[in-house]
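Note sheet for the following structure.
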Amino acid sequence: MTEKKKKKLIDSRILWLIISLLVSFLSWIYITRTQTTTVTREFTDVEVVFEGREAIRELKSFVITDISQKTVSVKLSGNWDNVGSLHSSDIKAVIDVSKLTSIGNNTVPFTLKYKKAVNPDEISLISSYPRTIQFYVDKLLEKPIEVKGAFTGNAEEGYIVGNLAFNPGTINISGPEKQVKLIDHAWVIVDGQNLSREKRADLSFTLRDSEGRDLPVGEVTFDSDTVSITVPISKKKEVPLDLIITPGGGALRDNCKISILPEKITIAGDAALVDGINKIELANIDLSSFVSTYDANLPIILPNGVENVSGEKDAKIEIEILGLGSKGFSVSNLSYINLPGSFSSANIVSRSLDVTIRGKQEILDKIAANNLRAVADLNNITSTGEIYVTAKIYVDGFADVGAVGEYKLIVNIRK
């Protein structure tokens, strides 16, 4: 080996020796500093945690409320290994509530716990703000509340907004008794412009008291965070009220003066259903059931799915027969037809029947009693003995006249 190479090798060893000594020295300084140097640091926004909170809720029906501070500030002292690397999120201000036994106010200190792997025995609490935490222990109360709401938009012209529907219709809430007692209902608001069909939406709600004032949620919890709300939109239409007139007793609809109040109502419902309704028929009036006038209050009954927007529940009707007269007759021509084969015979017990015939006066003046006959139809007879049977009145030889009222004959049926 040449002298030059030997000298180069020696110089290289000396360099590495110097580097090794320098690294060792720096490591010694770092270790000495982290293990022996005391540092003091301040940590803000340290979270306050209640240990055993869920346990007292489940076992004792206690809830924690009115907490004075959600976070605290602390000043800690310790060696660099323990304090220097900490962050506020690594520290918790813990209050053990598992041994609480009564409802009321509490003021207690907290204990610091660390999430990071540090030695708590080598960390000193220099100061904290605040030093204690105040809170209230309340009884847990559960109850259902009704869901209510309002529609703040509008429907398209010719349409109307129906009653809102909520699903669920009630919400179960639970929380501190003094908070839950104030809550009367859940309130939902839904909007929409120029609606012509049903709208549905899933919306959050607010809590309200019985006076309609909004309340904070506080520590109250719910079994549902949203409500499904349906806004029904119906087509509206004005339709007249009418009567079905059955001709009888010599009278036709043309002989009637008919008054219906109200004359019209406004209805609402599904567009296809409403479009098919052109009038509301109140009742079937048989003109043979009265002589000259008829009046009544009739209920306004609508098809399923149709609403009476006007609000009237009844209609007053009056019918007057015009241009016709009436005349009384005693009918003695009495007979029967259609005696069932299971019976042997039938005899008319009635001797005569007083009837009223209606028609134009000039025709009535020409009718005599012998033009009238009363015929009892025995087709539906099921028993023997003397029974009343409805009779039909015939006016032979004269058209456009008829009997007014209902008539019965006494017939004796034999087996």
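Please treat every number below as a calculation from the coordinates, not as lab data. Keep in mind that what you see is a predicted model, and the values were worked out from it rather than measured. Glycine gets a Cβ as well: all are built from the backbone with ideal geometry, and neighbour counts include every protein chain shown.
Check which residues have an amide H placed less than 5 Å from Lys408's amide H, if you skip close sequence neighbours.
Correct list: Ala391.
Using the Karplus curve 6.51 cos²θ - 1.76 cosθ + 1.60 with θ = phi - 60°, what ³J(HN,Hα) values do you get for each residue of the range 366-382, in whole Hz, with x for Gly and Pro?
Each residue of the range 366-382 in turn: 8, 7, 10, 4, 6, 7, 10, 9, 10, 10, 8, 9, 8, 4, 9, 5, 10 Hz.
Roughly how large, in nm² to one decimal, is the mean projection of the convex hull of the alpha-carbon atoms in the range 38-130? All intermediate terms of the calculation are to be shown ahead of the outcome.
Details: hull surface 25.1 nm².
Spelled out: convex hull of the Cα atoms, projected over all directions, averaged, 6.3 nm².
May I ask you to evaluate 6.51 cos²θ - 1.76 cosθ + 1.60, the Karplus curve with θ = phi - 60°, for each residue of the range 317-331 and list the ³J(HN,Hα) values in order in whole Hz, giving x for glycine and proline?
Values, residue by residue: 10, 9, 10, 10, 7, 10, x, 10, x, 9, 8, x, 9, 9, 9 Hz.
Give me the angle, in degrees from 0 to 90, between the Cα long axis of helix 3-36 and the longest principal axis of the Cα atoms of the chain, rounded to the nearest 10.
The angle comes out near 60 degrees.
Over the range 265-398, what relative contact order in percent results from Cα pairs under 8 Å that are six or more residues apart? Working shown, then result.
Working: 193 pairs, mean separation 28.5, N = 134.
Normalised by residue count, the contact order of the range 265-398 is 21 percent.
Any idea what the relative contact order of the chain is, in percent, if you count C-alpha pairs under 8 Å spaced at least 6 apart? Show your work: numbers first, answer last.
Working: 911 pairs, mean separation 41.1, N = 415.
Taking the mean separation of contacting Cα pairs over the length of the chain, I get 10 percent.
With just the Cα atoms of the range 138-191, tell me how far they stretch along each of the three principal axes, in Å, largest first.
Answer, in whole Å and largest first: 53, 16, 11 Å.
Let me know the shape class of the range 286-350, please: from the alpha-carbon gyration tensor, a ≥ b ≥ c as square roots of the eigenvalues, rounded when a/c is under 1.5, otherwise prolate if a/b is greater than b/c, or oblate.
Numbers: a/c = 5.22, a/b = 1.80, b/c = 2.90.
Oblate is the answer for the range 286-350, as a/c is 1.5 or above yet b/c matches or exceeds a/b.
Over 25 Å between C-alpha atoms is what I'm after, so list which of Lys60/Lys181; Lys70/Lys143; Lys199/Lys313 land there. Write down the numbers at each step before the final one.
Details: Lys60/Lys181 19 Å; Lys70/Lys143 28 Å; Lys199/Lys313 29 Å.
Among Lys60/Lys181; Lys70/Lys143; Lys199/Lys313, the Cα-Cα distance tops 25 Å for Lys70/Lys143; Lys199/Lys313.
Could you derive backbone 3J(HN,Hα) for the range 154-161 from the dihedral phi with the Karplus parameters 6.51, -1.76 and 1.60 (θ = phi - 60°), listing whole Hz in sequence and x where the residue is Gly or Pro?
Per-residue couplings from phi come out as 8, 9, 5, 4, x, 10, 9, 8 Hz.
Give the aspartates and glutamates whose C-alpha is closer than 20 Å to that of Lys279, dropping any in the same chain fewer than 8 places away, or say none.
Glu238, Asp242, Asp254, Glu263, Asp270, Glu307, Glu312, Asp314, Glu318
Among 137-148, 374-385, how do they line up from the highest to the lowest mean number of other beta-carbon atoms within 10 Å? Don't skip to the answer; put the middle values down first.
Working: 137-148: 16.2, 374-385: 14.4.
Per-residue mean Cβ counts within 10 Å order the peptides as 137-148, 374-385.
Starting from the alpha-carbon convex hull of the range 275-415, give the projected area averaged over all orientations, in nm². Intermediate values should be presented prior to the final figure.
Numbers: hull surface 50.9 nm².
Here the figure is 12.7 nm², rounded to one decimal.
Label-point separation (nm) for Lys178 and Ser292, each offset 7 Å from Cα along Cα-to-Cβ?
8.1
Against the 2.2 N^0.38 Å scaling, with N counting residues, where does the range 145-231 land? I'd like the Cα-based Rg ratio to two decimal places. Please list the in-between numbers first.
On the way: Rg = 14.4 Å, N = 87, 2.2 N^0.38 = 12.0 Å.
Dividing the Cα Rg of the range 145-231 by 2.2 N^0.38 Å gives 1.20.
Using per-residue counts of other Cβ atoms within 10 Å, averaged over each peptide, order 38-46, 167-175 from highest down. All intermediate terms of the calculation are to be shown ahead of the outcome.
Values: 38-46: 13.6, 167-175: 16.3.
Order by mean packing, descending: 167-175, 38-46.
With a cut-off of 8 Å between alpha carbons and a minimum separation of six or more residues, what is the relative contact order of the range 325-414 in percent?
37
Starting from the amide H of Gln69, placed 1.01 Å from N in the peptide plane, find each other amide H under 5 Å away whose residue is 5 or more places distant or on another chain.
For Gln69, the qualifying residues are Gln134.
Among Leu273, Leu372, which comes first, second and so on when ranked by fewest other beta-carbon atoms within 10 Å? Don't skip to the end; give the middle numbers.
Details: Leu273 16, Leu372 21.
Lowest to highest Cβ neighbour count: Leu273, Leu372.
Determine the shape class of the range 202-261: with a ≥ b ≥ c the square roots of the Cα gyration tensor eigenvalues, call it rounded for a/c under 1.5, and otherwise prolate if a/b is greater than b/c, oblate otherwise. List each step's numbers first, then the result.
Numbers: a/c = 5.67, a/b = 4.26, b/c = 1.33.
Since a/c reaches 1.5 and a/b is larger than b/c, the shape of the range 202-261 is classed as prolate.
Relative to 2.2 N^0.38 Å, what does the C-alpha radius of gyration of the chain come to as a ratio? Two decimals please. Working shown, then result.
Numbers: Rg = 48.7 Å, N = 415, 2.2 N^0.38 = 21.7 Å.
My calculation over the Cα atoms of the chain gives 2.24.
With a bin width of 5 angstrom, please list the P(r) values of the range 235-321 as percents of all Cα-Cα pairs, from the 0 bin to the one holding the largest distance.
Reading the bins upward from 0: 3, 14, 26, 20, 15, 11, 8, 3, 0.
Pull up all non-local amide H partners of Gly402: gap of 5 or more, or a different chain, and H-to-H distance under 5 Å with H placed in the peptide plane.
Here Gly250, Arg358 satisfy the definition.
Would you calculate a helix-derived [θ] at 222 nm for the chain, using -39,500 (n - 2.57) for each DSSP H run of n ≥ 4 and dividing by the full residue count, to the nearest 500?
On the way: 5 runs with 55 residues, N = 415.
Computed mean residue ellipticity for the chain: -4000 deg cm²/dmol.
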